[in-house]
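Just below is one structure, and these are the notes that go with it.
The values are calculated or read from the model by the stated rules, or taken from the named source; none is laboratory data. The structure displayed is predicted, hence computed values, not measured ones. Because the Cβ atoms are built from the backbone with ideal geometry, glycine has one as well, and the counts that use them run over all protein chains shown. SASA here: full protein model, heavy atoms, side chains in, ligands and nucleic acids out. Shrake-Rupley method; radii C 1.70, N 1.55, O 1.52, S 1.80 Å.
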Amino acid sequence: MKSPKEFDFTSRDFERVRALIYQRAGISLAASKQEMVYSRIARRLRATGMTSFAAYLDWLETGKGDDEWEAFTNALTTNLTSFFREGQHFPILATHLKGKKGPLTIWCSASSTGEEPYSIAMTLCEVFGTLTPPAHVIATDIDTNVLATAQMGIYAKDRIEKMTPERVKRFMLNGKGSQAGLVRVRPELREMVTFKQLNLLADNWAIRGPFDAIFCRNVMIYFDKPTQGKILSRFVPLMKPDALLFAGHSENFMYVSDAFKLRGKTVYQLADHAESAGQLRSHLA
């Protein structure tokens, strides 16, 4: 027998949450996410002193809880990440950047707690053989909480277990005393990365291209197809002609936008550039 919930949570409450997070962040919550929504938003009820979901949602919708929108969005954002996650992408990025002259700029559009943009920064260091390469990483996320963690660049040691000893030695500093058991990303890498809050659904993005690569991994899965298409179309003018777009392992943009061509598994390039490169190869053959 299930114990009674602390707060009443009706199907109408759930549908209101789904509608609000879609309007606010473009996140399309599946019908199966009801328990997750209850758990995460119940914390906001406790934090704000609200006694029901209906009252909390009314408060948001009437504008009286304007300051709470950020916390509401943060609560429903999933942040699963690790250093060099989906590791096949980083050698591809390295090969793409070799021989290029700086300054290079890469956009990580869903940075979460920082592991992905720092992995990109490490790759840049390895390509150029220096901790101060002629390159910069713009790292954005809708969730301000994870961005604060990312900017600190401090992680538990178990977060770097899958990194090679060589990378750990080169790019991480061991905590001592009260910081024992923690590591911090070297200051040179932290200086390479600029963290900004950005909602991919916002009318204006406070970033400028052109970028040599865009990482948009494991975020499109939360959007419906029309939203995905809109975001992809906005990537196009921000990319250099030969730029690469990296997607997550379960994402496929081929049925969403004809602006991109598949370069490799979950790696895309602009269709116009792919066609031009193909015509050049045919001409030279």
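Things to note:
- Computed over the chain: relative contact order in percent, which uses C-alpha pairs under 8 Å that are six or more apart: 16 percent
- Interchain or long-range residues, amide H under 5 Å from H136's placed H: L104, T105, I106
- Solvent-accessible area, 1.4 Å probe, carbon plus sulfur percent, for the chain: 51 percent
- D58 versus L262: modelled label distance in nm, points set 7 Å from Cα along the beta carbon direction: 5.1 nm
- For segment 103-120, Karplus couplings with θ = phi - 60° (6.51, -1.76, 1.60), whole Hz, Gly/Pro x: x, 9, 9, 10, 10, 9, 8, 9, 6, 6, 7, x, 4, 5, x, 5, 5, 5
- Whole-number accessible area per residue in Å² for segment 1-103, which is evaluated in the context of all protein chains at 1.4 Å: 57 Å²
- Here the dipole of the chain is about 720 debye; that uses its Cα centre as origin and unit charges on the Cβ of Lys and Arg (positive) and Asp and Glu (negative).
- Divided by 2.2 N^0.38 Å, where N counts the residues, the Cα radius of gyration of the chain comes to 1.12.
- For segment 193-261, the relative contact order comes to 39 percent (Cα pairs under 8 Å, sequence separation of at least 6).
- The long axis of helix 34-48 is offset from the longest Cα principal axis of the chain by roughly 70 degrees.
- DSSP assigns beta bridges within the chain; of those with both partners inside it, close to 40 percent run antiparallel.
- Cross-link pairs exceeding 20 Å in C-alpha to C-alpha distance, out of K100/K240; K100/K230; K240/K261; K64/K196; K176/K196; K98/K169, comprise K100/K230; K64/K196; K176/K196; K98/K169.
- Sites A202 and T51, calculated FRET efficiency, Cβ-Cβ separation with R0 30 Å, nearest 0.05: 0.40
- Under Karplus coefficients 6.51, -1.76 and 1.60, residue-wise ³J(HN,Hα) of segment 209-216 in Hz, glycine/proline x: x, x, 9, 7, 7, 10, 9, 10
- For segment 120-268, a simple Cβ point-charge model (Lys and Arg +1, Asp and Glu -1, everything else neutral) yields a dipole of about 300 debye relative to the Cα centre.
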